[in-house]
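Working notes, beginning with the structure itself.
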Amino acid sequence: TKQWKIKHLSWKKFDFHRYIKKQTKTNDNGLKSLENKWGKNVIAQGWTGVPNTLIERQQALGLSSLDVNILLILLKYWWDADSPPYPSKRVIGEMVGKEESTIRRCMAGLERKGFIQRTANYLSLGGQSSNTYKLDGLVLRLEQEAKALAELKETRKEEDARMRRGTPIPTTKGE
C-alpha cells in the first residue's frame, strides 16, 4: 500500500500522540498549541490531521464541497494507514445533513474519480455491514498535487532569484 508522507514522517507505523507531544509547544500556562488554539475541551473530543493540499487544491481535484466533507469524515475515522475507515452512510449523512441516497451518489462519484475504493462487508449471520473505504487513490492524487506544487514553487523561486540578479527571464515564442 501507498504510504502518506508528511515531511520525513510516514502515516504507516506513525504514533500521533508521541508526535504531537514532541511537536507542540507549551506556553506559560502549560497549554499545548492545539489546546491553546481550540481550547482543551474541544481537543479532548478528538481532532483530525488534514493535509493542506486537500484543502487548497479541492477545486483542481474536481471535488465539490460535499465531496470534501465526506472525505473529511472518512479521515476522521482513518486512524491507521492499514485499517481503512468504515463509517456508515447513515452516520455520514447525519454529520453533513444529507439523505443516505445523496451520500451513496456522492460516494459512487468519489469512487468513479478514483479517490476512494469501497469494499462491501457482510455479517456472518447474513446482511451487509458498512463498507470500508480505502483512500489510496486520494493519497496518490494528493501526492501528485503536492509534487506539482513543489515544482511550481521551485520554478517561481528560481525566477524571483533571476529577477533580483537582473538576469533575463526566458519567455516562450509569441510573447
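In region 71-79, is there at least one residue being modelled with pLDDT under 95, open to solvent by 90 Å² or more (accessible area, probe 1.4 Å) and over 13 Å from the mean Cα position of the chain (by Cα)? For region 71-79, residues modelled with pLDDT under 95, open to solvent by 90 Å² or more (accessible area, probe 1.4 Å) and over 13 Å from the mean Cα position of the chain (by Cα): absent.
For Q144, the test of being open to solvent by 80 Å² or more (accessible area, probe 1.4 Å), more than 26 Å from the chain's Cα centre (by Cα) and within 24 Å of L66 (Cβ to Cβ) is failed. Mind listing just one residue for me: the one in region 38-64 that is among the hydroxyl-bearing types (S, T, Y) and within 14 Å of the chain's Cα centre (by Cα) and, of those, surrounded by the most Cβ atoms within 10 Å (Cβ to Cβ)? If we take residues in region 38-64 being among the hydroxyl-bearing types (S, T, Y) and within 14 Å of the chain's Cα centre (by Cα), then T53 is surrounded by the most Cβ atoms within 10 Å (Cβ to Cβ). If you go through region 102-120 and keep only what is open to solvent by 50 Å² or more (accessible area, probe 1.4 Å) and more than 19 Å from L61 (Cα to Cα), you end up with R104, R118, T119.
With respect to the conditions (1) touching a Leu at 6+ places or on another chain (Cβ under 7 Å); (2) in a helix (DSSP H, G or I), T48 lacks only one, and its number is (2). For region 77-131, the set of residues classified as over 20 Å from L54 (Cβ atoms) and β-branched (V, I, T) consists of V91, T102, T119, listed by residue number.
The values are calculated or read from the model by the stated rules, or taken from the named source; none is laboratory data. Keep in mind that this is a model prediction, so the values were computed, not measured. When we count neighbours, we look across all protein chains shown, and the Cβ atoms used for this are built from the backbone with ideal geometry, even at glycine. To get the accessible areas, we keep the full protein, side chains included, count just its heavy atoms, and leave off ligands, DNA and RNA. Shrake-Rupley method; radii C 1.70, N 1.55, O 1.52, S 1.80 Å.
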